[in-house]
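The values are calculated or read from the model by the stated rules, or taken from the named source; none is laboratory data. It should be emphasised that the depicted structure is a prediction, and the values quoted were computed from it without experimental measurement. All Cβ positions, glycine included, derive from the backbone under ideal geometry; neighbour counts span all protein chains shown.
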Amino acid sequence: RVVAQRLESEETLKGGIIIPDSAKKKQEMAKVIAIGPGKVTDENKTITMPVKIGDIIFMDKYSGQEITIDDEEFIIVKADDIIAIVE
């Protein structure tokens, strides 16, 4: 699992990618704050997380579990719920 903090959506990302209004309603951006150890398979192998702390990610707007720590809001999402990593 990944702990992330939601970010305000930008009209244009670095690199010139324009985010249409229709996408803003379905997905949102967040900054990765913490990551778990990864997933252990039935064969006892660990699959590492596809993100690192500080990455900016796109995720479905309604995925994950919201939590509040010290008056700050975070969201816990599964790695499978991450749509893209912004580079």
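Listed by first and then second residue, the pairs linking a residue in segment 39-53 that is basic (K, R) to a residue that is exposed (fewer than 12 other Cβ atoms within 10 Å of the Cβ), with Cβ atoms under 6 Å apart and 6 or more places separating them unless they lie on different chains, are K39/I47.
Could you list, in sequence order, the residues of segment 43-65 that are more than 14 Å from D81 (Cα to Cα) and not charged (D, E, K, R)?
Filtering segment 43-65 down to residues more than 14 Å from D81 (Cα to Cα) leaves 43-48, 52-55.
Of everything in segment 43-65, those that are more than 14 Å from D81 (Cα to Cα) and not charged (D, E, K, R) turn out to be N44, T46, I47, T48, I53, G54.
Report whether or not D71 is out of contact with any Asp or Glu (no Cβ under 8 Å at 6 or more places or on another chain), without any contact (Cβ under 8 Å) to a residue 24 or more places away in the chain and not β-branched (V, I, T). Considered against the rule, which asks whether it is out of contact with any Asp or Glu (no Cβ under 8 Å at 6 or more places or on another chain), without any contact (Cβ under 8 Å) to a residue 24 or more places away in the chain and not β-branched (V, I, T), D71 comes out as yes.
When residues in segment 31-77 are screened for being at pLDDT 95 or above, within 10 Å of the chain's Cα centre (by Cα) and farther than 10 Å from A4 by Cβ, 0 of them pass.
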